[in-house]
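A.B. asks: Please find one structure pasted underneath; my questions will follow.
The values are calculated or read from the model by the stated rules, or taken from the named source; none is laboratory data. All values reported here derive from a predicted model rather than from experimental measurement. Cβ placement follows ideal geometry from the backbone for every residue including glycine, while neighbour counts extend to all protein chains displayed. For accessibility, only protein heavy atoms count, side chains too; no ligands or nucleic acids. Shrake-Rupley method; radii C 1.70, N 1.55, O 1.52, S 1.80 Å.
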Amino acid sequence: MLNESEKFLEGLRNVMEARNLKDAPLSEAAGLHQSFVRDLKRGKAASPKLSSAVRLAQALGMTVEDVMAWAEGQPSNTLTISIAGKVGAGAKVPVFDAYEKGDGPQVECPPGLSPHGIVAVEVEGDSMEPVYSDGDLLFYTRNGHDAVPSDDVGHRCVCEDEDGMGWVKQIKPGDEPGLFHLISLNPGASNIWNIRLKWAARVRLHWPADLAQKT
């Protein structure tokens, strides 16, 4: 019978295989040494401390318990995630709070992603090509309804401006406190300078349109 450390490691292997994840990028996303996951899987490192397990789970958009549940393969119960609306990059798209809570469309939870606290938005248009395409789904976690977490600055984020428009941009600090620069993912599209945001949340997972199973 597997102990908790072994269950976490086996679950981690299964999640990474299901999502086709590589060792080094996951280690870096968790803020760990580049070889951490590789050494862990090869038995060259000691069982992960709880803090390291939490970091790895968070990088996957999961809890430690979620990862351990994958020790015997993908859980059989089908979970779903709400689609909050649509979002653009080069063109304004009013998107959020388009549906009554719990009444929006649902998408089958991607393999290895916990549905708890996760929301999806659907890309509209081609303004984010070649990074994201029309119909793709972006999954994110709101870490506060009215906040721009400092850890998310510098990353690709779903965000909402003061006018209620949704964007997907790389967020960088603005010229004054409380202001942000929104950098387009498409080199040919316009950037937005010194804008106030209601909130921003880092994109945790990108799911191409042809993989999405809407329910």
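A.B. asks: Six or more apart or on different chains, Cβ under 9 Å: which pairs go from a residue in the stretch 39-64 that's on the phi > 0 side of the Ramachandran plot to one that's assigned to a loop (DSSP other than H, G, I, E, B) and of a type in the set (G, A, S)? Could you list them?
C.D. replies: Matching pairs, first to second residue: G61/G112; G61/S114; G61/G117.
A.B. asks: Looking only at the stretch 1-24, count every residue that is in a helix (DSSP H, G or I) and either at pLDDT 90 or above or within 22 Å of C109 (Cα to Cα) (or both) and tell me the total.
C.D. replies: Within the stretch 1-24, residues that are in a helix (DSSP H, G or I) and either at pLDDT 90 or above or within 22 Å of C109 (Cα to Cα) (or both) number 15.
A.B. asks: Could you go through the stretch 15-31 and let me know if any residue there is in contact with an Asp or Glu (Cβ under 8 Å, 6 or more places away or on another chain), free of Cβ contacts under 8 Å to residues at least 24 places away in the same chain and open to solvent by 60 Å² or more (accessible area, probe 1.4 Å).
C.D. replies: No, the stretch 15-31 contains no residue that is in contact with an Asp or Glu (Cβ under 8 Å, 6 or more places away or on another chain), free of Cβ contacts under 8 Å to residues at least 24 places away in the same chain and open to solvent by 60 Å² or more (accessible area, probe 1.4 Å).
A.B. asks: Related question: Every residue in the stretch 181-204 that is of a type in the set (A, V, I, L, M, F, W, C), modelled with pLDDT of 90 or more and farther than 25 Å from T141 by Cβ, please.
C.D. replies: Selection gives W193 alone.
A.B. asks: For the stretch 159-188, what are the residues that are out of contact with any helix residue (DSSP H, G or I) (no Cβ under 8 Å at 6 or more places or on another chain) and of a type in the set (A, V, I, L, M)?
C.D. replies: Selection gives M165, V168, L179, L182, I183, L185.
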